[in-house]
Amino acid sequence: MKQTQFSTAKLKDGVSDIPILNAKIGLDLELNLLQSVVDGETHADFLIWRCEQSLVVPKSFSHKANFKLTQKYFNYIGWPIVLRETGGDLTPQYPGMLNVAIVFRSAKKAVSIRDSYLEICQPIIHALSRLGINASYGSINGAFCNGDYNVTVNNKKIAGTAQRWRQIKSVDSVNQDVAILVQAAILTEGPLTYLWQICNEFYQRNDINYFIEEDKHIALNEILKESGIALAKKIEPQIIDSMEDWLDSYKQKTSTTLNNNH
């Protein structure tokens, strides 16, 4: 397969202030944001970024027998492989994907895995509703990095989600708090066909028994009939506003809880 590179100029030269980052830098920024909650520097925050094209995989994949050869091959064709600390599955990254990450502090006994996922699914669903898109969440068999909390439109995956928890040290062994990072990767535009070909080739070269099905996905450009700067102008303000609403709501909820405890 010949070397291929997605163009990022149309976004860099547009009105968007959302940065296009190297995958490792972006993932490190998310972890740094999570650590800021652990360290007590903030109780909640969010980050939105786009990524240079790469394949992000859990560190466990590096133990595959063919991994080193696979890594060299994908580096050669312009798809560097980046290892992440968390589990999950292969996630392709490219400028047409919008990454949203939230971090927040919570009492461990007051939050569940489902609760955490909904903290990011609901603002994204709300942002899409402002664009006239009826979205929900759920599992889509055959989708990339499938899970129970994909954001979906017309029974197709438009965003994947993942999360990570860190314990916050406390002398109180009963009432412990946790810092939670929840991530979402939103498909804004393609070419999706080529994207899934790359992913499936990665699986094949590493003898991983999974196949991503093209027709299980949809990107925002297919729905909104826009692309490039026009698409970014339309979707990014809605996502940003929705995440700011989430942050305001979290702060208000936290303030109410603190007042009730005094």
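Quick note: the coordinates plus some simple rules give every number you see, no bench work behind them. Source: prediction; values computed, not measured. Quick reminder, even Gly has a Cβ in these numbers, built from the backbone with ideal geometry, and neighbours come from all protein chains shown.
Would the range 36-168 count as rounded, prolate or oblate if I go by the C-alpha gyration tensor, calling it rounded below 1.5 in a/c and otherwise prolate when a/b exceeds b/c, oblate otherwise? Oblate is the answer for the range 36-168, as a/c is 1.5 or above yet b/c matches or exceeds a/b. Across the cross-link table entries K157/K225; K109/K251; K64/K169; K157/K234, which are compared at the Cα atoms, the separations over 28 Å belong to K64/K169. Computed from the Cβ-Cβ distance with R0 of 30 Å, the FRET efficiency linking A107 to D248 stands at 0.90.
Rank-order 89-99, 229-239, 201-211 by packing density, defined as the average count of other C-beta atoms within 10 Å over each peptide's residues, highest first.
Details: 89-99: 22.8, 229-239: 18.0, 201-211: 14.5.
Highest-to-lowest ranking by the protection proxy: 89-99, 229-239, 201-211.
Comparing Y194, S62, A159 along the charge dipole axis of the range 17-260, the residue lying farthest to the positive side is S62, per the Cβ-charge model.
Each Lys and Arg adds +1 at its Cβ and each Asp and Glu adds -1 at its Cβ; summed about the Cα centre, the range 22-78 shows a dipole of about 580 debye. Residue order for T70, T254, fewest other beta carbons within 10 angstrom first, comes to T254, T70. Available extension along the chain between T42 and Y76 is 8.2 nm, counting 0.36 nm per residue and deducting the alpha carbon span. Taking 0.36 nm per residue of separation and subtracting the Cα-Cα distance, full extension of the segment from S136 to Q197 would add 19.3 nm.
Modelled label positions at N154 and D215, each set 7 Å beyond Cα in the direction of Cβ, lie 1.3 nm from each other. From helices alone, the chain scores -12500 deg cm²/dmol at 222 nm; the rule is -39500 (n - 2.57) for each run of n ≥ 4 DSSP H residues, then divide by the residue total.
When only the Cβ of Lys, Arg, Asp and Glu is charged (+1, +1, -1, -1), the dipole of the chain relative to its Cα centre reaches about 500 debye.
Across the range 92-108, computed HN-Hα scalar couplings (Karplus, 6.51 cos²θ - 1.76 cosθ + 1.60, θ = phi - 60°) run x, 10, 6, x, x, 10, 9, 9, 10, 10, 10, 10, 7, 9, 8, 5, 4 Hz from first to last residue, x flagging Gly and Pro. Couplings 3J(HN,Hα) for the range 59-68, derived from phi with the Karplus relation 6.51 cos²θ - 1.76 cosθ + 1.60 (θ = phi - 60°), are 4, 4, 5, 5, 8, 5, 4, 9, 4, 4 Hz, where x marks Gly and Pro.
On the beta carbon distance between K169 and D115, with R0 = 25 Å, the FRET formula returns roughly 0.65.
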